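To start, the structure under review is shown below, and the notes come after it.
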């Protein structure tokens, strides 16, 4: 391997002629960003000829390309806001990012470009709302230990809003000072009606009417609530359709529901499988399975975003197909809520459930959510596990034992709400109410597109023709490249042992999630991750590869 | 606006005296007449405030009073109330007072989340979240007279009531009724009715309520047993509260359980008002299942986490119906994502979801106080 570091010169050299496909970090790489990665020729990687600036890479399906960008060649880095609309209005941000870098005399791999993007990103205004683990917190000693670690694990547990502890302490103080009167004390968040503080924003985030949403329980419990209501099998129509490699909890939940109704889970569950050599599901295949088996399917139950592959399913199409076959439809939105815009009402979804500790940043094990479509709101024949909290407030405490269910999702409640969990959610929703899912999504698309681009430029599997690269670790991104089929997360598979890479990354202060058997999940979250975080991650990934290769070599 | 009134009790000189006073009170069939006699022997009348103060000095449980935070008169809106005087809070059966340690433990978890984030699940030094239930399970089990295997801290009371009914309300066309007490708590009634409905039975026809005798407010155990004997063949489940929310009656759980089992019925109890209030022996009494909340006598805060008991005799019966989720599965394979069923034995096998951390440590703060005493000691004072 070539080992000479490349110094970054002030005037840049973005002519696209620096051809050097090997990869090495500067020997004294620092997190602060003097690090420069060598710049492989993107065109060569993508198998194109000619000047890649002007070609739309084959990988992407759009035709607008870089030719249509009307960008002046600015020498100043100001007017960052002008950049943003160009990045967020295209089919895929990748080529736009490259073209944009060029107009700024930067290469897309430069940390200066990451910083430019950070300046341009309007959502950066919300970064201060959160608390960040430091390098030291995650076990990295040394000079930079007070800096933020590189936390790209929000798909597993989101970071804590600064306001969380304030609201939690307010409730604890209220309990201490008021005791039981906290239920009805009119001044702040009486506990009896505390759900009203979170319901509207939660509904907005999922594209539901307030009547369609209830904040309660946990995800898996709500999944059962939804299935009790909408998995109503008959002898002929009793099957449940789910995705291949569904999350275990969902799978067990479905199995147990089948068993409770007297059906054999092995026979009653249909999974939609990926095509050979593919990792994700094609919408047409999902729809095709629904059409083929629909008459025997009672319930179609999918995740919104697949936890393993990161695929965002087409909930609209799946719902329409399912309904056309007379099936009910439910979604587990654990990885979708707070991640991608949702339109549960418009799409006609029967029910959905989610947790709030991932992209909704409400803390470990925090409160769940349930959606039930408005068209079911006053159908009180729908089976449900009742409890007093699902009943009308005005008569709830009369103890007359006369059934008066609330309409909508609230009629599926059982119990008094957990106060500390509710205000933990409130602290997070207060941040979401300062933006919108559309705005977050716009940033997310660029942020994840940027991550994808860097990974592809540096760690794509190289052509076999280039013998210098045969031993180079590479990364396979199994998440779809189509932005409409993914959220923030990319699922990465490596050509070197996953565990080694994960261990090395952790030592460098990178927090990402490893999922058996093969995947590293990297989820840059628009609310609190920066483009520079992503740049640093990619830099440190290189180091991790080096270390794991060294280890492998020394073992040999 | 908390009371700053000191709860310290002075006066060590009369310890010997106090013990003997206490011994006379505890162990009597009823404290009433003992109290009168005791007052006389101290030249007091039982209605004197000095007598109340004497009793306070002798009460061994007073040592735990400092563990709690007390609303002040002023905080409760008493116009000229002194900030430093406790209000008279006799509402612990609705919402228990807050242990002082609650805020500390909650902040520890919030700090852990802020600094460790996802590593908090596995960080071994303090209460890793993946196994956080272990911090509360044993004491919770002790409080209800159960083995740890029989108890799981999870969900909320009403959800756990449904968990218990899914498991143990398994009706047939001839044995489908549920026996309840008169004036059953609404949540329990709706829960039972909805379970009946889900099984295709009529919400009203399927419920038998043991009724009060004329002019009486509480149920006689013999009448409960008589109802079980009479209707037992058609009863699938006997479901009572431990302590009746309205009358405060503490039922004879052992006798009810024995009678129910003798007629082939399953037995479950809603222990909302019983846990932390009276000693329980769920294991010895052979109860099939029980559920409770933790915000009453267990002082874990508004909407605090629930509890669930399933008798050991059912621990490895994996044919028992349940609403499964990953958290009810063996830890060592839970994260392998192989989708292979490996239920935990006992109550934990009925779990769905990963536990709510703030709720769990709120309970822990309270159980840390219960650990310094016992249900028997608390009961003695309570009586």
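Nothing in this text is a laboratory measurement; each read-out follows from the coordinates by a stated rule. In this text the structure is predicted, and so the values were computed from the model without any measurement. Here the Cβ positions follow ideal geometry from the backbone for every residue, glycine too, while neighbour counts run over all protein chains shown.
Using the Stokes-Einstein relation with a Kirkwood hydrodynamic radius computed over Cα pairs, the translational diffusion coefficient of region A:236-285 at 20 °C and a viscosity of 1.002 mPa s comes to 182 µm²/s.
On the principal axes of its alpha carbon atoms, region B:282-324 extends 35, 28, 10 Å, with the longest extent given first.
The ellipsoid equivalent to the alpha-carbon distribution of region B:210-265 has semi-axes of 20, 13, 9 angstrom, derived from the gyration tensor eigenvalues as √(5λ) and listed largest first. When Rg and Dmax are taken over the Cα atoms of region A:295-408, they come to 16.4, 51 Å. Among B:348, A:128, the ranking by other beta carbons within 10 Å of each residue's beta carbon, starting with the fewest, stands as A:128, B:348.
Packing, as the average of other Cβ atoms within 10 Å across residues, places the peptides A:309-315, A:165-171, B:200-206 in the order A:309-315, A:165-171, B:200-206, highest first. Sorted largest first, the principal axis extents computed over the alpha-carbon atoms of region B:75-213 equal 57, 51, 27 Å. Values of log10 I(q)/I(0) for chain B across q = 0.07, 0.09, 0.11, 0.13 Å⁻¹ run -0.38, -0.62, -0.89, -1.15, by the Debye formula with one identical scatterer at each alpha carbon and no solvent. Can you tell me the relative contact order of region A:90-198? Whole percent, Cα pairs under 8 Å, sequence separation 6 or more. Computed over region A:90-198, the figure is 13 percent. Note on residue A:136/residue B:212: beta-carbon distance plugged into 1/(1 + (r/R0)^6) with R0 of 60 Å gives a FRET efficiency of 0.35. Each Cα pair under 8 Å and six or more residues apart adds its sequence gap; the mean of these over the residue count of region B:271-383 is a relative contact order of 28 percent.
Once the mean of 1/r is taken over each pair of separate Cα atoms and inverted, region B:317-383 shows a Kirkwood hydrodynamic radius of 14.7 Å.
Compute the Kirkwood hydrodynamic radius of the protein assembly as shown, taking the inverse of the mean of 1/r over all pairs of distinct Cα atoms, and give it in Å to one decimal. Present the calculation step by step, with values, prior to reporting the outcome.
Values: mean 1/r = 0.0330 Å⁻¹.
Hydrodynamic radius (Kirkwood, Cα only) of the protein assembly as shown equals 30.3 Å.
First obtain the Kirkwood hydrodynamic radius of region B:171-258 from its Cα pairs, then insert it into the Stokes-Einstein equation at 4 °C and 1.567 mPa s, and state the resulting D in µm² per second as a whole number. Don't jump to the answer; show the numbers that get you there.
Values: Rh = 13.3 Å.
Estimated diffusion coefficient is 97 µm²/s.
Size descriptors for region B:233-368 (Cα atoms only): Rg and Dmax, in that order, 16.5, 51 Å.
Taking the number of other C-beta atoms within 10 Å as the exposure measure, put A:452, B:29, A:273, B:324 in order starting with the fewest.
Details: A:452 22, B:29 7, A:273 13, B:324 27.
In order of increasing Cβ crowding within 10 Å: B:29, A:273, A:452, B:324.
The value of relative contact order for region B:30-178, using C-alpha pairs under 8 Å at least six residues apart, is 9 percent. Projected label points at residue A:277 and residue B:317, each 7 Å from Cα along the beta carbon direction, are separated by 5.4 nanometres.
Neighbour counts of other Cβ atoms within 10 Å put A:354, A:84, A:389 in the fewest-to-most order A:84, A:389, A:354. Between residue A:439 and residue A:173, what's the calculated FRET efficiency when r is the beta-carbon distance and R0 is 45 Å? Round to 0.05. So, using R0 = 45 Å, E works out to roughly 0.85.
For region B:111-151, the extents of the C-alpha atoms along the principal axes are 38, 15, 13 Å, listed from largest to smallest. DSSP beta bridges fully contained in the protein assembly as shown are about 50 percent antiparallel. According to the Cα-based calculation, Rg over Rh for region A:227-325 is 0.94, with Rh computed by the Kirkwood formula. Computed from the C-beta positions of residue B:205 and residue B:35, the FRET efficiency with R₀ = 45 Å rounds to 0.40. Computed log10 I(q)/I(0) for region A:183-283 at 0.12, 0.25 Å⁻¹: -0.61, -1.23, from the Debye equation with unit scatterers placed on every C-alpha and solvent omitted. For a paramagnetic label modelled at 7 Å from the Cα of residue B:61 toward its Cβ, which residues of region B:251-285 fall within the zone defined by backbone nitrogen distances under 14 Å? Those under the cut-off are B:274-280.
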